[in-house]
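Read the figures in this text as sums done on the coordinates, not as results from a lab. All values derive from a computational prediction rather than experimental measurement. No Cβ is skipped: glycine too gets one built from the backbone with ideal geometry, and neighbour counts run over all protein chains shown.
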Amino acid sequence: MTRWAFALAGGGLALGLWAALAVWVARTDLPVLVPETSSEVLAQDGSLLRAYTVADGRWRLGVDAGRVDATYIAMLLAYEDRRFYQHRGVDPLALLRAGMQAVGQRRVTSGGSTLTMQVARLIEDGPTGTWAGKLRQIRLALALERALSKEEILALYLHHAPMGGNLEGLRAGSFAWLGREPDRLTEAQAALMIALPQSPAARQPDRHPDRARAARDRVLARAKAAGVLDAETYTSALREPVPQMRRAFPAHAPHLADRLRAAHPDQRLHRTTLDRPLQIALQDLARGALRDLPPQASVALMVADPQTGAIRAAVGSGDYLDPRRQGFVDMTQALRSPGSVLKPLVYGLAFSDGLAHPETLLNDRPARFAGYAPQNFDRMFRGPVSAREALQVSLNLPVVELTQALGPARLMAALRQAGVQAEVPGDVPGLAVSLGGLGVSLEGLVQLYAGIARGGEAVALSATAPQRLDTQRLMGAEAAWHLGDILADAPRPARLPDWRLAFKTGTSYGHRDALALGYDGAHVAGVWVGRADGAPVPGMFGVDVAAPLLFEVFARLGDRPAPLPPAPPATLVLKHADLPAPLQQFGTRVAQASDAPELAFPPDGAALRVRSGGVLARVDRGRAPFTWFANGAPVLLASHEREARLMLDGPGFVTLSVVDAEGRGARVQVELQ
């Protein structure tokens, strides 16, 4: 009975101790188990563009264990904790060995720590050289094993392992010492990342390369002994040099990254549409361009996909860190004068509304408009000139006459349709808006040109979630095609390639801004050069400074620009002599006459049902014959009747225009159902 009694008592004591241990572990106060990680801005392919330190100034990048090199994991467990997946936080065999060493050396060593115990120390930043510290690690390790899976514990280690200085976690260490993500590491690189956390200050490669190498080689030797590495791989890894300098973290698209982080401060990952290689190439291009500019000048570049609105690259300045050039100012967002780069919009609206055709003759002559007397850049006048030539050589007088016929409010409305923010001094647009008398950002201009490039339909640019505007049509597809055809054949300096690139340059008043906007069949791009503080840069012209950079941008997009699209089927491609009489000559004076045509039906804004017999339209006043247009495409030529049945395609919105024999016009916008 006595032996049974002792056995029962012993069993009861063991159960009691086990129960007490369970209660002791269950009552453990757990620290925060979700690590604070750096805010990251990612490119379209998921690669890192820019990262920010966490609140305490440490680099701690989020780590997905599934994207960590498998050799690193195998070597880590072989070196730190072979029985990681078998024990419950504490390895009794390892503790026994460590205890015997401690008795012999009269101090606590780290040999008995499991990976879970190391995590316990790291997340509490607790002591390691005292019995009390070791006991706390054991308790917390047991509690962690109860609360988390092995994968979650491993993930905590990958986030918190110290890598020297203010580097914490595998991914931060891999970027700083190896310049890469930890998804593919050489055996030597993996060994270094395992060795550093054991004594990061003493093994920091940039300060103690010999110690770093020795520690790395010990990890390699342990991996070979455990069968993780074969002899040949081990020998090869020993020959690999140890990095001896800390690399900077990626800091691409800094202006855009700052904006995204400021807009969503609690968001850890900011996924963008940027093409990382293109972004880096254009940053290098902008930085190189600064060498040929005055000390306080800067450069901004942007590239987008006109079909989706996705921004592929955005360079806010040539040097983000240069205070002399105010490089911190994002010049893709600043509202500046566009100079002449809005002229294509004026011509496109005139083509679309049936007021003019590329071969329509305009009068380049001295004129005053209610006291406003614009001049051409060269202060010369060319007399009758086609709209095509007037746009290609960027004449001022003809575009002002077209603006007067359209109305400055029409131009501002078109910018709003394009989703472009524009500010006019005094909030009252005048005729000068067509010559740059307003403020528009480079991104706004790229968005406008993207709408022209995609056939006259507006598109919203975005670096995060591209989406179209609600089917806003800026101009007819035929008018948009005419613009591309005209701009692709515009004269250019001999040093520029003869690519069929539709582009327009501009120089703001006082040489404060030099711009170039352009597009091919797949991309739209914009270039701004100037001073961020708005001061003049004497002698700076868009065609000399910005245009060469624009062509350099397209050179980095491919061997040659993508072909421009073919003409839409309804495009009126005629010589001047073959144009309908109303489109042969344009004149503002007659267009303002009191007997100018007026659309009696349909009224502006009407909703009409499309029937088999066409849509009824009637014009009052004006002189026959009449030419009718739908979204800039002719639908009825030289009609002597005031009432007509027009065959229009629906459903959708249509700008219906009529032009009489003297070139006077009227227009309405209707919805076809």
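Take the alpha-carbon centre of the stretch 610-673, take the same for the stretch 146-224, and report the distance between them in whole Å.
If you average the Cα positions of each part, the centres end up 74 Å apart.
Can you spot the lysines whose alpha carbon is less than 28 Å from residue 150's alpha carbon? Ignore those fewer than 8 places along the same chain.
Hits, sequence-local ones excluded: 134, 224.
Given the rule -39500 (n - 2.57) for each run of at least 4 DSSP H residues, summed and divided by the residues of the chain, what is its mean residue ellipticity at 222 nm, to the nearest 500 deg cm²/dmol?
Details: 20 runs with 225 residues, N = 673.
So the calculated ellipticity at 222 nm is -10000 deg cm²/dmol.
Using θ = phi - 60° and the Karplus relation 6.51 cos²θ - 1.76 cosθ + 1.60, list the HN-Hα couplings for the stretch 366-374 in order, rounded to whole Hz, with x at every Gly or Pro.
Running phi through 6.51 cos²θ - 1.76 cosθ + 1.60 with θ = phi - 60° gives x, 7, 10, 10, 6, x, 8, 10, x Hz.
Indicate, rounded to the nearest 5 percent, the antiparallel portion of the DSSP beta bridges found entirely in the chain.
Working: 62 of 70 bridges.
Beta bridges within the chain, antiparallel portion: roughly 90 percent.
Using the per-residue mean of other Cβ atoms lying within 10 Å as a proxy for protection, in what order, highest first, do the peptides 372-380, 65-73, 150-158, 347-355 fall? If you can, show how the numbers build up before the last one.
Values: 372-380: 11.9, 65-73: 16.3, 150-158: 19.0, 347-355: 27.6.
Order by mean packing, descending: 347-355, 150-158, 65-73, 372-380.
Hey, what do the phi angles of the stretch 606-618 turn into as Karplus ³J(HN,Hα) couplings, whole Hz, using 6.51/-1.76/1.60 and θ = phi - 60°, x for Gly and Pro?
Result, rounded to whole Hz: 6, 9, 10, 8, 7, 10, 5, x, x, 9, 6, 9, 9.
Taking K and R as +1 and D and E as -1, what net charge do the other residues with C-beta under 12 Å from the C-beta of residue 529 add up to? Could you put the intermediate results ahead of the total?
Values: positive: 325, 336, 512, 531; negative: 292, 513, 544.
Net local charge, residue 529 excluded: +1.
Would you give the gap between the C-alpha center of the stretch 257-273 and the C-alpha center of the stretch 293-354, rounded to a whole Å?
With the stretch 257-273 and the stretch 293-354 each reduced to a Cα centre, they are spaced 22 Å.
Name the residues of the stretch 249-283 whose amide N is less than 16 Å from a point 7 angstrom out from the Cα of residue 499 along the C-beta direction?
Within reach of a label on residue 499: 278-279, 281-283.
Within a Cβ distance under 12 Å of residue 164, other residues only, what is the Lys/Arg minus Asp/Glu net charge?
On the way: positive: 58, 203, 207, 211, 246; negative: 168, 206.
Its environment carries a net charge of +3.
Toward the positive end of the charge dipole of the chain, about the Cα centre and with charges on Cβ (Lys, Arg +1; Asp, Glu -1), which of 461, 44, 90 goes farthest?
90
Of [x] 1.36; [y] 1.55; [z] 1.41, which one was derived for Cα Rg over 2.2 N^0.38 Å from the structure shown?
Given [x] 1.36; [y] 1.55; [z] 1.41, the calculated one carries the label [x].
Rank by packing, highest mean first: peptides 558-569, 274-285, 289-300, with packing defined as the count of other Cβ atoms within 10 Å averaged across residues. The partial results should precede the final answer.
On the way: 558-569: 13.3, 274-285: 20.2, 289-300: 17.9.
Averaged packing, sorted descending, gives the order 274-285, 289-300, 558-569.
Would you mind putting 32-42, 531-541 in packing order, based on average other-beta-carbon counts within 10 Å, highest first?
Numbers: 32-42: 17.3, 531-541: 15.2.
So the order, starting with the most tightly packed, is 32-42, 531-541.
For the stretch 421-528, state which trypsin sites (Lys or Arg not before Pro) are in a DSSP loop and have at most 12 other beta carbons lying within 10 Å of their beta carbon. If you can, show how the numbers build up before the last one.
Numbers: sites: 454, 468, 473, 495, 500, 504, 512; in loops: 454, 468, 495, 500, 512.
Passing sites in the stretch 421-528 are 495.
Would you mind computing Rg(Cα) / (2.2 N^0.38 Å) for the stretch 392-515, counting N as its residues? Before the final figure, lay out the partial values.
Details: Rg = 15.0 Å, N = 124, 2.2 N^0.38 = 13.7 Å.
Ratio of Rg to 2.2 N^0.38 Å for the stretch 392-515: 1.09.
Size of the dipole of the chain about the Cα centre, Lys and Arg at +1 and Asp and Glu at -1 on the beta carbon, nothing else charged, in debye to 20?
Numbers: 73 positive and 66 negative charges, 483 e Å.
The calculated dipole for the chain is roughly 2320 debye.
Considering only DSSP states other than H, G, I, E and B, which trypsin sites (Lys or Arg not before Pro) in the stretch 571-660 qualify as loop sites with at most 16 other Cβ atoms within 10 Å?
Numbers: sites: 575, 589, 609, 611, 618, 621, 623, 642, 645; in loops: 575, 609, 611, 621, 623, 642.
Of the trypsin sites (Lys or Arg not before Pro), the ones in loops of the stretch 571-660 whose Cβ has at most 16 other Cβ atoms within 10 Å are 575, 609, 611, 621, 623, 642.
Sequence neighbours fewer than 8 away in the same chain don't count; with that in mind, list the lysines whose C-alpha is under 23 Å from residue 575.
Output for residue 575: 343.
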